[in-house]
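Each remark here refers to the structure printed beneath this line.
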Amino acid sequence: MLRKTLTLIAALAAAPAFATGLDIEVKGEANGTVHIDLFEDVAPGHVAQITKLASEGAYDNVVFHRVIDGFMAQTGDVQYGKMGAAEFSMQMAGRGGSSEPDLKAEFSDQPFEAGVVGMARSQNPDSANSQFFIMFAPAPHLNGQYTVVGKVTEGMDVVNAIKRGTGPNGAVIGEPDVMAKVSVTD
């Protein structure tokens with residue numbers, strides 16, 4: 001536990017001090033840039049981890065592996081979802097994370113509505129790591145159950161054009177859309 005806490009403190013210290021957003025260049029069926037304002041005051045640990053990973057290029061070429069029409073688009077698996085990497089696998093994408101530690105939940109009263117960005121996790125509330133999702137529509141059943149990290153302020157048309165998956169879990173079949181480049185903004 002102490003090691004995990006120290007690692008999180010190191011991640012917070014290594015994160016850009018004034019990181020307030022992300023620019024995501026999306027390629028595939030959707031093409032364009034999505035700007036996300038990050039909520040550092042709502043989820044400081046999660047924002048620190050996301051900006052650290054983005055500044056290291058970890059999110060570059062990561063696929064949207066789970067996309068459910070009318071619900072959300074999920075991405076951010078830097079372990080199995082990074083096209084061109086040795087471990088890349090569309091079948092495994094969504095099961096991995098990063099070399100950073102999992103994060104303690106930072107639940108808030110921020111509602112899950114269209115454009116809101118939340119952290120993906122397993123059944124354990126303290127298991128978010130690198131994966132996140134962008135909402136297509138409101139999902140009040142997620143309120144208070146997942147950490148909200150930001151909101152799309154530009155490029156929602158690009159988000160809405162992301163290739164949809166199939167079946168109840170939204171698995172993307174064939175060529176997925178990808179975050180070609182993710183940059184931290186001030």
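For the chain, with all protein chains present and a 1.4 Å probe, just round the carbon and sulfur fraction of the accessible area to a whole percent. Walk me through the intermediate numbers first.
Details: 4550 of 8590 Å².
On the chain, the fraction of accessible area on carbon and sulfur atoms equals 53 percent.
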On full extension of the chain, what length is gained from residue 141 through residue 157, given 0.36 nm per residue of separation minus the C-alpha to C-alpha distance?
-> 3.3 nm
Could you name the lysines in cross-link range of residue 181, using Cα to Cα under 24 Å and dropping any fewer than eight places away on the same chain?
-> 27, 52, 82, 151, 163
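Leaving out ligands and nucleic acids, and using a 1.4 Å probe, what accessible area per residue does the chain come to in Å²?
On the way: 8590 Å² over 186 residues.
It amounts to 46 Å² per residue over the chain.
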Net charge contributed by nearby residues that have their C-beta within less than 10 Å of residue 47 (K/R +1, D/E -1) = -2
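Using the Kirkwood radius over Cα pairs, work out the Stokes-Einstein diffusion coefficient for the stretch 59-101 at 25 °C and 0.890 mPa s, in µm²/s as a whole number. Let's see the in-between values first.
Values: Rh = 10.4 Å.
For these conditions, the coefficient is 235 µm²/s.
Quick one: length gained pulling residue 169 to residue 123 fully straight, 0.36 nm per residue minus the C-alpha distance? Mind dumping the intermediate values first?
Details: separation 46, 0.36 × 46 = 16.56 nm, distance 1.54 nm.
Fully extending the segment from residue 169 to residue 123 adds 15.0 nm.
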By the mean-Cβ-within-10 Å protection proxy, highest first, 108-115, 71-78, 20-27, 145-152 rank as 71-78, 145-152, 20-27, 108-115
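Normalising by the residue count of the chain, find the relative contact order in percent from Cα pairs under 8 Å and 6+ residues apart.
Working: 466 pairs, mean separation 60.4, N = 186.
RCO, the chain: 32 percent.
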Inverse of mean 1/r across different Cα pairs in the chain, Kirkwood, Å | 16.1
For residue 109 paired with residue 56, estimate the spin-label separation in nm (one decimal), with each label point 7 Å from Cα along the Cα-to-Cβ line.
-> 3.6
Nearest-ten-degree value, helix 2-14 long axis tilted from longest Cα axis of the chain | 70
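The values are calculated or read from the model by the stated rules, or taken from the named source; none is laboratory data. Since we're looking at a predicted model, the values are computed, not measured. All Cβ positions, even for glycine, are placed from backbone atoms using ideal geometry, and neighbour counts span all protein chains on display. Keep in mind that these areas ignore ligands, DNA and RNA; they rest on the heavy atoms of the full protein, side chains included. Shrake-Rupley method; radii C 1.70, N 1.55, O 1.52, S 1.80 Å.
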